[in-house]
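So the structure is just underneath, and the comments pick up after that.
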Amino acid sequence: MAEGLVVSVLEKSKNTTRRYDVDWLRVILFALLIWFHYAVFSLEQLEGNNAVMKLFNLPLFIVIGVMHQWRLAALFVISGMGTAFAFRRRSWKTYIKERWVRLGIPLLFGTYILWFGIFTPISVTERLFTIFPGSGKMPYGHLWFIYNLLIYSIILTPLFSHVRNNPEGKIVQLVTSILNFRFGILLVPPIILAINGILFKPWEFGEVGMWWEFSRYLLYFLFGYLLISAKEQYFDALNKIRIPVTIITPILAIIWYIVEEGSSIPKIMEGGWVKNGFEPFSLEVISASIIQSFHAWFWCLLIFSWASKFLNKPNKWLAYLNEAVYPTYIVHMHLTFLPIAIFGLMGIGYYVSLTIGTILVMIGVMICFEIVRRATFARVFYGIKGGKSEVEKLYPFNKIERNDLKVLLKIIFHGLAIAMTIGLLVLLIGAGIVNEI
């Protein structure tokens, strides 16, 4: 993620070619994230508890449940892939430095400013350094993705450096052997993921990348790096398994949903059933972990295989959208809650609210992006690469030659960036006020 929230892999490097498909997936998955969060946080507005309405709403719950199993997994794989591309042209020291700038600064800004941490700095700092504080005590809110990715990047740097320095070494040879094996890419990663679930899931409820999910997403991140390190072997393997994966994945989704809904053990897919008096290991929970791991991994393979076939081509909008991903991710939650609260107060139906609200949030995040990308000093806090030289390339700066007018514009856009940041805080406060009405 040296080029953004999940590393952009548009750039050429000496050892690889551009992979537009990975960047397109990055853009698409974060767009889906905005829809997903609006859909989930507005579920209370669903009307009707009778059998007809429950049947009518069933597809929504299936989509949300299934998507939640693979969307973050795919994003961590993409991040690992991008890291593999970036690491080929960086030393480990440069990589760590970029991790801090690209991840650490936006994380701290989000924690202490966007999530009001500056008002309780001691408590927030304590929770910032607490291992697995729980979703209700996370001082960084939805930015846990950045938090985890920063940790993953640091602890895996020695391995990344070793693989980069030994492109024909045993690790890459092992990955290549797995990819060359007919069913290697279909079996080995999900088996490893299943072992992680079997060993760690019984003890604690996994949520937002904590407890057993911490190691789960670390594995996805690592898999992404290793697959790209195998170079074209990975994409060749994708071409071979595209049709089987397309057939099997929907079947796995149905099986996953049946097990999730019909299990006698509560939260069998989320973990922590030992606290409810159930045995840590049994045929039912082991089977559930295996199904869950294969289900999520096959979804990743499904989207990556079809993206490699249809999306690996340049587009004039891709670089722009790619740059927008990180800042829009940072601000989207602040723009989500108030429309939900207002539409709920107005009594607008769930699906109408979801449609209109998602569009409004999409427009809002892009407006925020257009503001901060033109404010030199705000760019780093919102995860946008580059400074003055990049701003000078943007309209209207690139159309003006007079320095005094450029200075005036810079003042205006920095003022807008400050006002936007304050506005984001006001939106959160406003959502809370409306909810209390």
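Residues in segment 386-420 that are surrounded by 15 or more Cβ atoms within 10 Å (Cβ to Cβ) and touching a Ser or Thr at 6+ places or on another chain (Cβ under 9 Å): Glu390, Val391, Lys410, Phe413, His414.
In segment 84-94 there is at least one residue that is of a type in the set (Phe, Trp, Tyr), touching a strand residue (DSSP E or B) at 6+ places or on another chain (Cβ under 9 Å) and in contact (Cβ under 8 Å) with a residue 60 or more places away in the chain.
Take the conditions (1) free of Cβ contacts under 8 Å to residues at least 24 places away in the same chain; (2) assigned to a helix (DSSP H, G or I); Pro106 misses just one of them, which is (1). Mind listing whichever residues of segment 111-136 are part of a helix (DSSP H, G or I) and either hydrophobic (A, V, I, L, M, F, W, C) or within 20 Å of the chain's Cα centre (by Cα) (or both)? Scanning segment 111-136 gives Thr111, Ile113, Leu114, Ile118, Phe119, Ile122, Val124, Leu128, Ser135, Gly136.
For segment 153-171, indicate whether the set of residues that are out of contact with any Asp or Glu (no Cβ under 8 Å at 6 or more places or on another chain), crowded, with 19+ Cβ neighbours inside 10 Å and under 27 Å from His37 (Cα atoms) is non-empty. Looking for residues that are out of contact with any Asp or Glu (no Cβ under 8 Å at 6 or more places or on another chain), crowded, with 19+ Cβ neighbours inside 10 Å and under 27 Å from His37 (Cα atoms), one finds at least one in segment 153-171, hence yes. If the condition is being among the hydroxyl-bearing types (Ser, Thr, Tyr) and surrounded by 18 or more Cβ atoms within 10 Å (Cβ to Cβ), then segment 201-255 contributes Tyr217, Tyr220, Tyr225, Ser229, Tyr234, Thr249. In segment 410-434, the residues that are in contact (Cβ under 8 Å) with a residue 60 or more places away in the chain reach residues that are aromatic (Phe, Trp, Tyr) and part of a helix (DSSP H, G or I) with C-beta atoms within less than 6 angstrom, at least six apart or across chains, in these pairs: Ala431/Phe337.
You will find that of Leu338, Leu321, the residue that is assigned to a helix (DSSP H, G or I) and crowded, with 22+ Cβ neighbours inside 10 Å is Leu338 and no other. Filtering segment 160-186 to residues that are more than 24 Å from the chain's Cα centre (by Cα) and either more than 22 Å from Ala86 (Cβ to Cβ) or not assigned by TED's automatic domain parsing to the domain that holds Ile131 (or both) leaves Lys170, Gln173, Leu174, Ser177, Ile178, Asn180, Phe181, Arg182, Phe183, Gly184.
The values are calculated or read from the model by the stated rules, or taken from the named source; none is laboratory data. Note that this is a predicted model, so its numbers are computed, not measured. Don't worry about glycine lacking a Cβ; one is built from the backbone with ideal geometry, like all the others, and counts go over all protein chains shown.
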